[in-house]
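> Please see the structure below; I have some questions.
The values are calculated or read from the model by the stated rules, or taken from the named source; none is laboratory data. All of these numbers come straight from a predicted model, not from anything done at the bench. Reconstructed Cβ throughout: ideal geometry from the backbone, glycine too, with neighbour counts over all protein chains shown. These area figures cover heavy atoms from the full protein model, side chains too; ligands, DNA and RNA do not enter into them. Shrake-Rupley method; radii C 1.70, N 1.55, O 1.52, S 1.80 Å.
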Protein chains: 2
Amino acid sequence: MISWKNLDQLSSYQELEKTAPVNLKEVMSGESGAARVKACVVPMEEGLSYNYAAKAVDDTIVDQLQKLADEAQLVDKYEALYNGEMINTGEKRLVLHQLTRGQLGKDVVVDGVNKRSFYVEQQNRIAEFADKVHQGQIVPEDGKKFTTVVQIGIGGSDLGPRAMYIALRNWAIRSNSLLMEAKFISNVDPDDAAAVLESTDLAHALFILVSKSGTTLETLTNETFVKNALTKAGLNPAKHMIACTSEASPLAHNEGYLAAFYMDNYIGGRYSSTSVVGGAVLSLAFGPAVFAQFLEGAAAEDRRAAEKDIRRNPEMLDALIGVYERNVLGYESTAVLPYSQALSRFPAHLQQLDMESNGKSVNRFGEPVNYPTGPVIFGEPGTNGQHSFYQLLHQGKNIIPLQFVGFKNSQLGVDDTIQGSTSQQKLCANVAAQIVAFACGKDDEDPNKRFDGGRPSSIITGEDVNPRSLGALLSHFENKVMFQGFAWNLNSFDQEGVQLGKVLAKRVLAHDTEGALTEYSRLLNI
Amino acid sequence: MISWKNLDQLSSYQELEKTAPVNLKEVMSGESGAARVKACVVPMEEGLSYNYAAKAVDDTIVDQLQKLADEAQLVDKYEALYNGEMINTGEKRLVLHQLTRGQLGKDVVVDGVNKRSFYVEQQNRIAEFADKVHQGQIVPEDGKKFTTVVQIGIGGSDLGPRAMYIALRNWAIRSNSLLMEAKFISNVDPDDAAAVLESTDLAHALFILVSKSGTTLETLTNETFVKNALTKAGLNPAKHMIACTSEASPLAHNEGYLAAFYMDNYIGGRYSSTSVVGGAVLSLAFGPAVFAQFLEGAAAEDRRAAEKDIRRNPEMLDALIGVYERNVLGYESTAVLPYSQALSRFPAHLQQLDMESNGKSVNRFGEPVNYPTGPVIFGEPGTNGQHSFYQLLHQGKNIIPLQFVGFKNSQLGVDDTIQGSTSQQKLCANVAAQIVAFACGKDDEDPNKRFDGGRPSSIITGEDVNPRSLGALLSHFENKVMFQGFAWNLNSFDQEGVQLGKVLAKRVLAHDTEGALTEYSRLLNI
């Protein structure tokens, strides 16, 4: 029997609050530090592993986190989720994104539809469609091949798929899998769409309209924008556009599209990279086999997240260390720092994933909670960040926990030995150095050059960014956020906080305003 | 006589702490809100204005901030800075970036060199060089024109110039000023350089190597990487490369470059967009006249920042409201949210500018301070952010002050009326709606749909993003950060916090490690 309790009602949490803190600087110095790096490691799938040596935890605290995981029934809740219980209490919906790739647990049947079969069917339809495009069986007006795919979507229909495309593009070049270039239009700012269209060969471009409801204002606006441009270029929009949407949407079964691929209300936007939302653009860009590998990586890590031993479940451990840092140690932000140019937009995706899921103040029953919930998430790839905001991370007044990601090998494999080391070695040397610098600090007679240390970080390491490891990495963070939401007793799967702005924007456009809203509208000349 | 005191030693600050807070929700509702939007506005240059109606301040608090500005001698300190006093106490350097564009104040002569003349001379040399490139007088081996300029730099040599280039690219397309495409290589990750080179016509590419010291490891590594690629392509690197550096650097007066343009130690990297660091790439991309307009916009706003009346000095007001929020109200982060795709990388630049300048824990004398200093800065362009992390901004447990930027007009001017409004109108409607939603909130029977409001924001509005308004906007934030640094009694112009990581990375590459550093090196296969 699952019991949904607030974090501060759990006796294991109350004990955790009383547990002696760890002096990170001390334990990470000397041989103790070396021993920690070897010991504090949790294997992940696809060659990844999670190392938490530089987190301010010890065996006692991890034991306490295990008790918290058990008392909060985190794995039971995860099982309930993927077995089809109604976890999204606000919108009264199931949460089934794991089913799009993992086929974990039981069959979930809703209104007579086996959801497992439904998602697989959509993947197969996309694969078939993409193959036909690649083989020149589905072609634009001039009978030549489509060369570019342009995704039109915003939020979860943009950030995840875009981050995944960028992450795999160089890998695909090296493995001869870059079948089509992909581009993205998201912002309602007309300069976004106009600039993408200006640099695109419209006659050979295939557009993917992505909106679950089929009513997202930005996306529909950009669709019309694109259709007008196609028409002006003498092209037939219906020959250049497919839709990813729900079957109940106006975009479904619509002759305005070459094809439509379906998700449903049980796939949240920010969890939709492994659904048709990511599936269409990634299968068209890289081929269906690559997308299938990406799903397999995610599925494997999903299975690992079902492990009850926190020392063998990197998602749950990462999640609860984060809860400890947020609630007991009082840290407000977390920086995500991938030492990989391929992951340059991964932090922007995690920013949505995490902040939209757990940036809440009421629990799943709508009752206010009295403790901090989701942190601010930000980040840029290293080493770039080192030359930017790391100053504050090292010497600022507040401690910001850090989440590093690093890989042994580059994607393109093009590298030179300069001053005795390759660029990839320099990159890796920098992330190793940063972890130790943050944890151990350095004393100095000049206080301006003093580093207090004691700044916690973890690192996920791997061989390289490829479809499988990327899938596992994505699953890691999705499941981490899910476990944190469970621990905070939140509904991580709705986003009511985005509604008010939408309502007010419509009123501005209808000139149905008063007070400050009227004046701001004047100020912006609307 | 200037006196440098810690914030908490100022009697005006102690009074500010005792001043009654403002109920933002209350004052922004109804007619009071409308009146505030009209009243709380400070004109800026180049058609911009700063509106702080939705900040939790009233006349009493602004009066108190004026007293703080006076007691902390903020404008006197600014005058001392641009008149050449040694403001960068840590590195014992002058701080002269305003001289690169503003020619404010007195002549500053160092070691017999008039710095004003020196910076102007470098600008003129760049203009002459760029004109020759554009006119085909300086050409690559095949005698054809250079078509692409590629900046190699990291941190301040990358983020600012890149953000400015992206900001003006569409404007340049519309005004027929896009003379060369610009690209950027920053990360030491070999996949960054390799991907840029893969998509660049090397035979017609001009590379700009940017490093003040001429010793930045990432940049020198990428330079060699690029030179190797040029050599492999049968090209002579010396015919394809210019340098932006200091005269003391090994890159100066070096036959390996077509030309070298100079800055000096008085221009900090994150303040270097208006020096040769931004000047070379922007003059080559858009022409020297466009770069000159950008400087004029910055210069005009610099002059405005010298105004002692805080209600007429938007930089100082913005800065001190930020100090009030950080130190009295206790807010830890600030989100920068430009409703303009052109400013998509502006938040990343501000992240460096702000966090590297004021992410410090000791004052300018090296003594620890007992109050919060620089906040975490993050942001993405609206409306994209709305579909991402705004959930937390609206309903999260912590209040995050917001800095909006919005423009009446798009850059390309390509727009369609869809559902009764243009995309640009929708964009503007959204930012207006968000400000009111954050400030006023909305009650609801369902606590999950309740918005508490009281979340403060300001907005800078303007006509459009063009070289002049962009210059003014850049100056606004540079001067805001400077004033905050003065208020916190920090040295905002050094960055000792980035040194330790560099030292440790070198030790890793030299295999001169012990303890945890050795183990992390093994983990990453270095």
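> Specify which of the listed residues (B:Asp446, B:Asp464, B:Asp415) is under 24 Å from the mean Cα position of the chain (by Cα) and farther than 21 Å from A:Phe389 by Cα.
B:Asp464
> Moving to a separate point now. Can you give me the ranges of the helices (runs of 4 or more DSSP H) entirely in the stretch A:152-252 with at least 3 residues that are of a type in the set (A, V, I, L, M, F, W, C) and in contact (Cβ under 8 Å) with a residue 60 or more places away in the chain?
So the answer is A:159-174.
> Conditions: (1) closer than 30 Å to A:Trp4 by Cα; (2) more than 8 Å from chain B (Cβ to nearest Cβ); (3) surrounded by fewer than 24 Cβ atoms within 10 Å (Cβ to Cβ); (4) aliphatic (A, V, I, L, M). A:Val369 meets all but one. Number of the miss?
It fails just one condition, (2).
> Ok, one more. List the helices (runs of 4 or more DSSP H) inside the stretch A:9-128, counting only whole elements, that have at least 1 residues being away from every other protein chain (no Cβ under 13 Å) and either under 22 Å from A:Asn363 (Cβ atoms) or in contact with a Cys (Cβ under 9 Å, 6 or more places away or on another chain) (or both). I'd like the intermediate steps shown before the answer.
Details: elements: A:11-18, A:24-28, A:30-39, A:59-71, A:74-82.
Counting at least 1 such residues, we get A:11-18, A:59-71, A:74-82.
> Pull out all pairs, ordered by first then second residue, where Cβ-Cβ is under 6 Å, the residues are six or more apart or on different chains, the first lies in the stretch B:507-526 and is closer than 19 Å to A:Gly441 by Cα and part of a helix (DSSP H, G or I), and the second is at pLDDT 95 or above and acidic (Asp, Glu).
Close Cβ pairs satisfying both conditions: none exist.
> Regarding A:Lys397, is this residue charged (D, E, K, R) and either in contact (Cβ under 8 Å) with a residue 12 or more places away in the chain or out of contact with any Gly (no Cβ under 9 Å at 6 or more places or on another chain) (or both)?
When the stated conditions are applied, A:Lys397 does not pass them.
> Then there is this: Of the residues A:Asp464, A:Asp415, which is in contact with a strand residue (DSSP E or B) (Cβ under 6 Å, 6 or more places away or on another chain) and modelled with pLDDT under 95? Please lay out each step first, then the result.
Numbers: A:Asp464 fails: modelled with pLDDT under 95.
Only one candidate passes the filter, namely A:Asp415.
> Looking at (1) of a type in the set (Ser, Thr, Tyr); (2) open to solvent by less than 10 Å² (accessible area, probe 1.4 Å); (3) out of contact with any Ser or Thr (no Cβ under 8 Å at 6 or more places or on another chain), which is the one condition that is false for A:Tyr266?
(2)
> With respect to A:Asp131, determine if the residue is in contact with a Pro (Cβ under 8 Å, 6 or more places away or on another chain) and either without any contact (Cβ under 8 Å) to a residue 24 or more places away in the chain or open to solvent by 40 Å² or more (accessible area, probe 1.4 Å) (or both).
Considered against the rule, which asks whether it is in contact with a Pro (Cβ under 8 Å, 6 or more places away or on another chain) and either without any contact (Cβ under 8 Å) to a residue 24 or more places away in the chain or open to solvent by 40 Å² or more (accessible area, probe 1.4 Å) (or both), A:Asp131 comes out as yes.
> Hey, among the residues in the stretch B:353-366 that are of a type in the set (A, V, I, L, M) and open to solvent by less than 10 Å² (accessible area, probe 1.4 Å), which one's nearest to the other protein chains (Cβ to nearest Cβ)?
Going residue by residue through the stretch B:353-366, those that are of a type in the set (A, V, I, L, M) are B:353, B:355, B:362.
Going one step further and asking which of them are open to solvent by less than 10 Å² (accessible area, probe 1.4 Å), we end up with B:353, B:355.
On the way: B:Leu353: 9, B:Met355: 4 Å.
Among those that are of a type in the set (A, V, I, L, M) and open to solvent by less than 10 Å² (accessible area, probe 1.4 Å), it is B:Met355.
> Only one of (1) touching a residue at least 12 places away in the same chain (Cβ under 8 Å); (2) open to solvent by 30 Å² or more (accessible area, probe 1.4 Å) is not met by B:Ser32, so which one is it?
(1)
> Considering only the stretch A:185-211, state which residues are in contact with a strand residue (DSSP E or B) (Cβ under 8 Å, 6 or more places away or on another chain), at the interface with another protein chain (Cβ under 7 Å from one of its Cβ atoms) and among the acidic types (Asp, Glu).
Residues satisfying the conditions are A:Asp189, A:Asp192.
> Would you check which residues across the stretch B:93-128 are farther than 18 Å from B:Pro288 by Cβ, open to solvent by 40 Å² or more (accessible area, probe 1.4 Å) and among the aliphatic types (A, V, I, L, M) and list them?
Of everything in the stretch B:93-128, those that are farther than 18 Å from B:Pro288 by Cβ, open to solvent by 40 Å² or more (accessible area, probe 1.4 Å) and among the aliphatic types (A, V, I, L, M) turn out to be B:Val109, B:Val113.
> Follow-up question, since we're still on this one. What are the residues in the stretch B:213-249 that are within 12 Å of chain A (Cβ to nearest Cβ) and open to solvent by 20 Å² or more (accessible area, probe 1.4 Å), if any? Spell out the reasoning first.
Taking the stretch B:213-249 and keeping what is within 12 Å of chain A (Cβ to nearest Cβ), we get B:215-229, B:231-232.
Once the filter is applied, which keeps residues that are within 12 Å of chain A (Cβ to nearest Cβ) and open to solvent by 20 Å² or more (accessible area, probe 1.4 Å), the stretch B:213-249 yields B:Thr215, B:Thr216, B:Leu217, B:Leu220, B:Thr224, B:Lys227, B:Asn228, B:Ala229, B:Thr231, B:Lys232.
> Residues to consider are B:Tyr324, B:Tyr339; find the one that is facing another protein chain (nearest Cβ under 8 Å) and either open to solvent by less than 10 Å² (accessible area, probe 1.4 Å) or β-branched (Val, Ile, Thr) (or both).
Result: B:Tyr339 is the single residue among B:Tyr324, B:Tyr339 that is facing another protein chain (nearest Cβ under 8 Å) and either open to solvent by less than 10 Å² (accessible area, probe 1.4 Å) or β-branched (Val, Ile, Thr) (or both).
> Criterion first (over 22 Å from B:Ser457 (Cβ atoms), acidic (Asp, Glu) and out of contact with any Leu (no Cβ under 8 Å at 6 or more places or on another chain)) does B:Glu71 satisfy it?
Numbers: over 22 Å from B:Ser457 (Cβ atoms): yes; acidic (Asp, Glu): yes; out of contact with any Leu (no Cβ under 8 Å at 6 or more places or on another chain): no.
It is false that B:Glu71 is over 22 Å from B:Ser457 (Cβ atoms), acidic (Asp, Glu) and out of contact with any Leu (no Cβ under 8 Å at 6 or more places or on another chain).
> Can you tell me which of (1) open to solvent by 10 Å² or more (accessible area, probe 1.4 Å); (2) at the interface with chain A (Cβ under 7 Å from one of its Cβ atoms); (3) more than 25 Å from the chain's Cα centre (by Cα); (4) not aromatic (Phe, Trp, Tyr) is the one B:Ala437 doesn't meet?
Every listed condition holds for B:Ala437 apart from (1).
> Restricting the first residue to the stretch A:366-388 and requiring it to be touching a residue at least 60 places away in the same chain (Cβ under 8 Å), which pairs with a second residue that is hydrophobic (A, V, I, L, M, F, W, C) and not in a loop (DSSP other than H, G, I, E, B) meet a Cβ separation below 7 Å and a spacing of at least six or different chains?
From residues that are touching a residue at least 60 places away in the same chain (Cβ under 8 Å), the pairs are A:Val369/A:Val362; A:Val369/A:Trp488; A:Tyr371/A:Leu7; A:Thr373/A:Trp488; A:Gly374/A:Met355; A:Gly374/B:Leu392.
> Quick check, is A:Ser475 under 19 Å from the mean Cα position of the chain (by Cα) and not in a helix (DSSP H, G or I)?
The answer is no for A:Ser475.
> Right, next: Quick check on my filter: what residues within the stretch B:193-205 are open to solvent by less than 10 Å² (accessible area, probe 1.4 Å) and in contact with a Ser or Thr (Cβ under 7 Å, 6 or more places away or on another chain)?
Result: B:Ala205, single match.
> Go through the stretch B:374-399 and report how many residues are within 7 Å of chain A (Cβ to nearest Cβ), open to solvent by less than 10 Å² (accessible area, probe 1.4 Å) and part of a loop (DSSP other than H, G, I, E, B).
Result for the stretch B:374-399: 6.
> So, one more: Looking at B:Gln411, is it at the interface with chain A (Cβ under 7 Å from one of its Cβ atoms), in a helix (DSSP H, G or I) and not acidic (Asp, Glu)?
no
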